[in-house]
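What follows is a single structure, written as structure tokens, with notes after it.
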Amino acid sequence: MPTRIDKIDYDALQQEALRGVVRAALKLAAANGLPGDHHFFITFRTTAPGVTLPPELLARYPDEMSIILQNEYWDLAPGETFFSVTLKFGGQPKGLSIPYAAITHFRDPGVEYHLRFTVPDVAPDPVPLPAPAPVLAPPPQADAAKKSGDKPNIVSLDQFRKK
């Protein structure tokens, strides 16, 4: 039987639909809080396009990070393509912005619900080569000294004196 080519890309459609479940759950939590034993474990790629983290968190979690939305989270704002939230790290509030496309795992252990997503690896941005150092022209005195054979250039002030 010949191999059929999926030109619709059902896997991508399914992933997007399941990310819609995450979006809807976050919208419910933002509007009403988390009911009962519900709480969310969300793992995401920190290097995915659109992820915004404070630099110290990105340095600490250079590839992937997990957050928990349970008791202490603020400003949960789920949008259509990303959500933002404020969490405390080391006692300090930090704002995060995470596209749904960056999420690799979503889990609600309160009801044993779990989703796993495929996030394509993003090639790191190429490091730009440093610009070549500009070539500076030597100062005019250096040119004059070379022309005169490196002899001192003596100017007589007699021509400028009144006679």
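Tabulated values for the structure
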| item | result |
| --- | --- |
| Segment 86-113 residues that are within 14 Å of HIS39 (Cα to Cα) and in a strand (DSSP E or B), paired with ones that are among the aromatic types (Phe, Trp, Tyr) and at pLDDT 95 or above (beta carbon under 6 Å, 6 or more apart) | ARG107/PHE41; ASP108/PHE40 |
| Test: SER84 is polar (S, T, N, Q), more than 18 Å from PHE117 (Cβ to Cβ), surrounded by 11 or more Cβ atoms within 10 Å (Cβ to Cβ) and modelled with pLDDT of 95 or more | yes |
| Qualifying positions in segment 1-38 - part of a loop (DSSP other than H, G, I, E, B), surrounded by fewer than 17 Cβ atoms within 10 Å (Cβ to Cβ) and touching a residue at least 12 places away in the same chain (Cβ under 8 Å) | GLY36, ASP37 |
| Any chance TYR73 is under 20 Å from the mean Cα position of the chain (by Cα), among the aromatic types (Phe, Trp, Tyr) and farther than 14 Å from ARG19 by Cα | no |
| Count of segment 60-74 residues which are of a type outside the set (Phe, Trp, Tyr) and surrounded by fewer than 12 Cβ atoms within 10 Å (Cβ to Cβ) | 4 |
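The values are calculated or read from the model by the stated rules, or taken from the named source; none is laboratory data. Quick caveat, the model's predicted, so the values are computed rather than measured. Reconstructed Cβ throughout: ideal geometry from the backbone, glycine too, with neighbour counts over all protein chains shown.
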